[in-house]
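The values are calculated or read from the model by the stated rules, or taken from the named source; none is laboratory data. Keep in mind the model is a prediction, meaning the values are calculated, not measured. All Cβ positions, even for glycine, are placed from backbone atoms using ideal geometry, and neighbour counts span all protein chains on display. Note: accessible area is taken over every heavy atom of the protein model, side chains too, but ligands, DNA and RNA are not part of it. Shrake-Rupley method; radii C 1.70, N 1.55, O 1.52, S 1.80 Å.
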Amino acid sequence: QVQLVESGGGLVQAGGSLRLSCAASGRTFSGYAMGWFRQAPGKERDFVAAIRWSGGKTYYADSVKGRFTISRDKSKNTVYLQMNSLKPEDTAVYYCAARPGAVVTIGYEYDHWGQGTQVTVSS
């Protein structure tokens with residue numbers, strides 16, 4: 001059974017940085033797409049970034065391009081989201097997700113989800 005466990009959230013001032021981790025287990029993820037989504041209070045869940053596990057190709061939402069970097073460490077079965085130049089509007093619960101096949105930016109297309117980690121950016 002696939003398990004995704006996020007960590008690394010917290011409180012940071014605007015302009016600061018955080019690195020989120022998503023520890024994946026339960027199967028080999030070759031051929032999978034791994035994504036990060038976020039949901040702010042009262043808002044819908046939004047796509048943030050994704051990576052192809054095998055080839056490493058990355059995808060980003062326009063709102064985070066140039067500030068966030070997604071990566072994966074195959075030896076640790078872990079996906080990371082490095083977040084720099086954080087803004088108050090980045091405040092949200094961040095979720096890791098996984099699906100077999102191509103990267104998509106629609107949340108309901110992902111089969112597996114973590115429990116989420118809170119990121120709060122103060123102004």
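Can you tell me which aspartates and glutamates have their Cα less than 15 Å from the Cα of Lys65? Leave out same-chain residues fewer than eight positions away.
Hits, sequence-local ones excluded: Asp46, Glu89, Asp90.
Could you tell me what percent of the accessible area of the stretch 30-123 is made up of carbon and sulfur, with a 1.4 Å probe and every protein chain present? Walk me through the intermediate numbers first.
On the way: 2090 of 4560 Å².
So the carbon and sulfur contribution to the accessible surface is 46 percent.
Hey, can you find the accessible area per residue of the chain for me, probe 1.4 Å, expressed in square angstrom? Intermediate results must be reported in sequence, preceding the final value.
Values: 6160 Å² over 123 residues.
Here the residues of the chain average 50 Å² of exposed surface.
Run the reach check for Lys74 against lysines, Cα to Cα strictly under 16 Å, same-chain hits fewer than 8 apart removed. What comes back?
Within the straight-line cut-off, Lys74 pairs with Lys57.
Ratio of Rg to Rh for the chain, alpha carbon only, Kirkwood?
On the way: Rg = 13.3 Å, Rh = 14.2 Å.
Answer for the chain: 0.94.
Using the Kirkwood formula over every pair of different C-alpha atoms, what hydrodynamic radius in Å results for the stretch 59-113?
Answer for the stretch 59-113: a Kirkwood hydrodynamic radius of 12.9 Å.
Taking 7 Å along the Cα-to-C-beta vector as the label spot, tell me the Thr69-Val104 distance in nanometres, rounded to one decimal.
In this crude label model, Thr69 to Val104 measures out at 3.0 nm.
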